[in-house]
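See below for the structure under consideration.
Throughout, read-outs are computed from the coordinates displayed, never taken from laboratory work. Everything numeric in this text was worked out from a predicted model, so none of it was measured. Neighbour counts are summed over all protein chains in view; Cβ atoms, including those assigned to glycine, are modelled from backbone coordinates with ideal geometry.
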Amino acid sequence: MAKIALPTYGTEGLNSTVYPMLESTPYITIISMDDSGNIEDVYSIPMTPSFYPGFPQNPIQLLLNEGVNIVIAGSIMPQTATMLKQNGINIYMVPPNSTVKEAIDKFTRGELKEYSIQPPSQPGFQTPPGFQYPPLMYPTQYPPSTYPQTVPSPFPQTPPSFPQQIAAGPPRESFLKILERQRDMLKQQKWMLERQKEMIEKQLELINDQIKKIESKIEETKSS
């Protein structure tokens, strides 16, 4: 039996749209499937705010409590993926803007790619391409022992030429990927804060309307 979890925008079940980032999703939709691939149950769980308002809780503990063994997401942080893998949860990547039903259909057909954790490469010192060390130029015969004596310089007068540009290696690419993930997370957090701002503004409008009604009722009571 498989229990699959997907980050989603809402609680529409199979019709929900997959949320881009697992760590900042507002809802987790969980699907229970039997060994034949038939769906037995579909339900959604809201991600309640954590210690910091506006930021949802980390979904790892929720997934473990629900007994999830498969996660399908559009994007996931390496730290989260490592913890899920250590707890026996397999991770599959789905294209953005997919519905839950589309993601499940692709998973059952074996079309989703499994997420693999690759350790960052740390190459040692490498000589730049085209660089040659200058030859050692020590004198073969020293002059008579007179002071002061002049000893030729062991290095050439013209410094060696280094390449103008060194190709970007794996560390730079890994750093760019980390920055891109952080940018995506901040965008999602900004989107959530904007939605909360809209809800607060609507609540303020309702409160202002109630205050006006109460004030008018007070005036009517005083004048009667």
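Exposure proxy check: 107, 175 ranked by fewest other beta carbons within 10 Å?
Ordered by Cβ neighbours within 10 Å, fewest first: 175, 107.
In the range 171-224, if the dipole is taken from +1 on Lys/Arg beta carbons and -1 on Asp/Glu beta carbons about the Cα centre, which of 207, 189, 218 is farthest to the positive end?
The Cα lying farthest towards the positive end belongs to 189.
Of the listed peptides 64-75, 32-43, 15-26, 85-96, what is their order by residue-averaged count of other C-beta atoms within 10 Å, with the highest listed first?
15-26, 64-75, 85-96, 32-43
In the range 75-92, whose amide N lies under 15 Å from the spot 7 Å out along Cα-to-Cβ of residue 114? List them in ranges.
Correct set: 82, 84-92.
Give me the dipole magnitude in Debye, nearest 20, for the range 2-114 about the Cα centre, with unit charges on the beta carbon: positive for Lys and Arg, negative for Asp and Glu.
300
If you rank 112, 206 by fewest surrounding Cβ atoms within 10 Å, what's the result?
206, 112
Could you give me D for the range 171-224, from Stokes-Einstein at 25 °C and 0.890 mPa s, where the hydrodynamic radius is the Kirkwood radius over C-alpha pairs? Units µm² s⁻¹, please.
In µm²/s, the coefficient rounds to 164.
Please report the antiparallel percentage of the DSSP beta bridges confined to the range 2-114, to the nearest 5.
Bridges in the range 2-114 are about 75 percent antiparallel.
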